[in-house]
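The structure appears below as structure tokens.
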Number of protein chains: 2
Amino acid sequence: MLSDRILKAEESPIRKLVPYAEEAKKRGIRIYHLNIGQPDLETPSVFYEYILASRPKVVYYSHSAGLWELREAFAEYYKRRQRVDVSPDHVLVTNGASEAILFAFSIVTNPGDEILALEPFYANYETFARIVGAHLVPVTRREENGFAIPEEREFSKVISSKTKAIVLSNPCNPTGVVYGRRDMEKLLEIAEKHNLYLIVDEVYSEIVFGGDFATALSLDSKRVVVVDSVSKKFSACGARVGCLITKNEEILRNAMKLAQGRLAPPLLEQIGSIGLLNLGDEFFEFVRNTYFRRVKIVCEKLERAGIKSFTRPGGAFYVTVKLPVEDAEEFAKWMLKDFNLEMETTMVAPLRGFYSTPGLGRDEIRIACVLKEEDLARAMDVLLEGLKTWIEVYSST
Amino acid sequence: MLSDRILKAEESPIRKLVPYAEEAKKRGIRIYHLNIGQPDLETPSVFYEYILASRPKVVYYSHSAGLWELREAFAEYYKRRQRVDVSPDHVLVTNGASEAILFAFSIVTNPGDEILALEPFYANYETFARIVGAHLVPVTRREENGFAIPEEREFSKVISSKTKAIVLSNPCNPTGVVYGRRDMEKLLEIAEKHNLYLIVDEVYSEIVFGGDFATALSLDSKRVVVVDSVSKKFSACGARVGCLITKNEEILRNAMKLAQGRLAPPLLEQIGSIGLLNLGDEFFEFVRNTYFRRVKIVCEKLERAGIKSFTRPGGAFYVTVKLPVEDAEEFAKWMLKDFNLEMETTMVAPLRGFYSTPGLGRDEIRIACVLKEEDLARAMDVLLEGLKTWIEVYSST
């Protein structure tokens, strides 16, 4: 008999429709994948150049906290791009942001403790909470008011002696909403009032379309743990190089126990990531502009189709949309099983799995703008045509 | 306030002496590192050849279970080298064996549950148990009888309704003892009698000096989870490519939830590892012979020094020795702080941290045979000279 924690765990809402996609492909249907945050942009070649220049004869264990040069590169990057003073000692390199989240959850909670998650939230936070035996308690953000940070009373309602931290991503996956200085200060006030840690996942921090983004590190508080990664900003998802950054020495000292337990992050990708972090501002401009144009296309397509129930993203590369359907997951499944436009269909992520409050998100989807413009435009036309058909079918029955 | 689980976690016993080593280096002393299992052998160049031949333009997320070609390569390897029939579907690629252990612990236990660990055990099992909120319960193996698998009654004594699994490494880190078919059958009987899973870490399986090694997969039981890695057998520790292998579909299905949660293992090292797994038998012969000669040197040096309280390893590259000292950790520390022979000293791993029964292992150390022969011989001379001095100093006081 396996553990309750794992048996009760849901499959990734982003990936659970994959079998239907595979079926569709077998039927010769082309699928536009707007369901997963895997960018199509080429990983900058400097990644390979650094690896080849180094090419260690023995692929050795790096320091458990990561290569010193990489920790320096992260610190330099934060100084240059985020205008915050971070020392390499504040940076612990991890197997992607995923492991940084796992470490943070494990360090701030005992089994049975609770973490407040601003929902909709990145669905995998739930998995990491299960592994450490902690529970995510939702505090809901609503599309109607642009997914703004809820008022303190919304937090107080659900805070107990078991509550240890608040977790959110900024820019937000799945909504693309960007939180600024005021929002971060508000969250820190709440954290201080209730003695909580503030865990902020900033893997999309370079993808901000103007407007005010503030890294939680700018709060300069010992309650803050920031999680980052090279995956999205450098289109290097497969590198699995992320980091945990905090100015809290006690957290760092204890995180090292976990880091030593799993020995080290992958060596070659650490070396390549040093090159990525040294890239100039023009690269980040290119990335930002690329996603800005794509998000614009998606929003315009939605508006032209008369869909107004979505919040124009200020960053990241996702658009969360409330659809005029009852069950967005059924619709998404139907798009793969029963619909095609000239042998093409579009795959999106139903948003229910991004909420832990039962019933919420049932009519919402997440669109990932990870295809080049013409494909993205076509993918949206196919999606919206499918939506029209679905609505006709269901209003006629 | 951080979690008890992390505050109570001990630092890696293998790495806690590192600060003293750094001090010694500053004083210009050369240190022979016999303290950590980082082989000095070159990683076979095929590792880089495969990466360069593929060199994906987008460093993408692989399938969460790992690249299919890598899963096939592991299955092929097991058929060819371990003579067991494993399908690629039985193989889940992980971030080193470390993550495979974490997944296994998380899948078979709920917080508060217990896992029986044959002590002395690989110290980091303790870290993974803490992360998932489970407890390791020791079942002791003793040097006096060659660290043999204890009798069933020794297990029954400590088994409760909370006990979910048995974990051990074979060949054993830290003792180098190799367990064969009979031992595995005995363990499976115990597991069946008490309804437990059997988790066997076989990362040293290629390093066996004759004698009878049996992979737990040969038991062909749904209770068995095997953990493996390219780290030791291919001298690719920094690749962080391991796997979880089981013929239990329920475990695999649920392990996938965890695998999807952390998205994917590192891409480039997965590609390189396909090349490693395709290496011919002569490579494994070279590795085995290399470590055999080294282990022989260490054992002979110990015997010539009149130290008989150790078990000649049948595999891996460690020798566990009971020293004629009261506190081996104090001795190991003293070797770094206060001793040198012509400006050289030797670093070893105190074994206390490999036991969870209080008091056990206090007079034991682990010697890792990871240096080339002349260095290893010199390292042992320095170690034994230091031991002589230490004993004189302490008998004279």
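All of the numbers you see were taken from the coordinates with simple rules; none came from a lab. Values in this document were obtained by computation on a predicted structure and should not be read as measured data. As a convention, Cβ positions derive from the backbone with ideal geometry for all residues, glycine included, and neighbour counts pool all protein chains shown.
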Q) What is the stretch B:45-279 by shape, rounded, prolate or oblate, if you read a ≥ b ≥ c off the alpha carbon gyration tensor as root eigenvalues and call it rounded for a/c under 1.5, prolate for a/b larger than b/c, and oblate otherwise? A) prolate
Q | Pairwise label distance in nanometres, residue A:303 with residue A:54, each label 7 Å out on the Cα-Cβ vector | A | 4.6 nm
Q: With only Lys, Arg, Asp and Glu charged, each at its Cβ (+1 for the first two, -1 for the last two), find how big the charge dipole of the stretch B:45-279 is about the Cα centre; round to the nearest 20 debye.
A: 400 debye
Q: Provide the percentage of antiparallel DSSP beta bridges, counting only those with both residues in chain A; round to the nearest 5.
A: 45 percent
Q: Compute the distance in nm between two label points, each set 7 Å from the Cα along the Cα-to-Cβ direction, one at residue A:281 and one at residue B:282.
A: 5.8 nm
Q. How many angstrom separate the Cα center of the stretch B:60-78 from the Cα center of the stretch B:149-179?
A. 30 Å
Q) Rounded if a/c is under 1.5, else prolate if a/b beats b/c, else oblate: with a ≥ b ≥ c from the C-alpha gyration tensor eigenvalues square-rooted, which is the stretch A:46-96? A) oblate
Q.
Give me the dipole magnitude in Debye, nearest 20, for chain A about the Cα centre, with unit charges on the beta carbon: positive for Lys and Arg, negative for Asp and Glu.
A. 460 debye
Q | Cα gyration tensor category, rounded, prolate or oblate, for the stretch A:211-269 with a/c compared to 1.5 | A | oblate
(Q) Quick check on the exposure proxy: order A:381, B:183 from fewest to most C-beta atoms within 10 angstrom. (A) A:381, B:183
Q. If r is the Cβ-Cβ distance from residue A:72 to residue A:326 and R0 is 45 Å, what FRET efficiency results, to the nearest 0.05?
A. 0.30
**Q.** Angle between chain A longest axis and helix A:267-277 axis [Cα atoms, degrees, rounded to 10]
**A.** 80 degrees
Q: Nearest 5 is fine: what % of DSSP beta bridges in the stretch A:149-256 come out antiparallel, could you say?
A: 30 percent
Q) Mind checking the mean number of beta-carbon atoms from other chains within 10 Å of the Cβ atoms in B:120-133? A) 4
Q) Cross-link partners among lysines for residue A:322, C-alpha distance below 17 Å, same-chain residues fewer than 8 apart left out? A) A:301, A:308, A:333, A:388
(Q) Straight-line reach from residue A:57: which aspartates and glutamates fall under 13 Å, measuring Cα to Cα and dropping same-chain residues less than 8 apart? (A) B:40, B:42, B:49
Q.
With +1 on the Cβ of every Lys and Arg and -1 on the Cβ of every Asp and Glu, and nothing else charged, how large is the dipole of the protein assembly as shown about its Cα centre, in debye rounded to the nearest 20?
A. 260 debye
Q. Can you list residues whose amide H is under 5 Å from residue B:118's amide H, if they're 5+ apart or on another chain and H is modeled 1.01 Å from N?
A. B:139, B:167
Q) By how many degrees, between 0 and 90 and to the nearest 10, does the Cα long axis of helix B:328-337 differ from the longest principal axis of chain B? A) 70 degrees
Q. In nanometres, what is the gap between the two model label sites at residue A:8 and residue A:85, each 7 Å from Cα along Cα-to-Cβ?
A. 4.6 nm
Q | Estimated translational D of the protein assembly as shown in µm²/s (Stokes, Kirkwood radius over Cα pairs; 37 °C; 0.692 mPa s) | A | 120 µm²/s
Q: Choose one answer from A:250, A:119, A:206: the residue with the largest mean-square fluctuation in a GNM of chain A with alpha-carbon springs under 10 Å.
A: A:250
Q. Of all DSSP beta bridges located in the stretch B:45-279, what percent are antiparallel, nearest 5?
A. 30 percent
Q. Counting other C-beta atoms within 10 Å, which of A:245, B:297, A:14, B:107 has the fewest, and how do the rest follow?
A. B:297, A:14, A:245, B:107
Q | Signed unit charges on C-beta, dipole axis of the stretch B:45-279, positive-most listed residue B:254, B:128, B:56 | A | B:56
Q) Once the piece of chain linking residue A:341 and residue A:189 is laid out straight, how much longer is it, given 0.36 nm per residue of separation minus the C-alpha distance between them? A) 49.6 nm
Q: Would you compute, from DSSP H runs of 4+ residues alone, the mean residue ellipticity of the protein assembly as shown at 222 nm, taking -39500 (n - 2.57) per run and dividing by the full residue count, rounded to the nearest 500?
A: -12500 deg cm²/dmol
(Q) Taking the beta-carbon count within 10 Å as an exposure proxy, list A:122, B:394 from fewest neighbours to most. (A) B:394, A:122
Q: Can you list which of the GluC sites (Glu not before Pro) found in the stretch A:295-334 are DSSP loop residues with at most 10 other C-beta atoms within 10 Å?
A: A:326
**Q.** Cα lying deepest toward the dipole's positive end in chain A, options A:112, A:160, A:230, charges on Cβ
**A.** A:112
Q: Summarise the long-distance tail of P(r) for the stretch A:284-397 by giving the % of C-alpha pairs beyond 22 Å.
A: 31 percent
Q. Where does helix B:68-81 land angle-wise versus the long Cα axis of chain B, in degrees 0 to 90, nearest 10?
A. 60 degrees
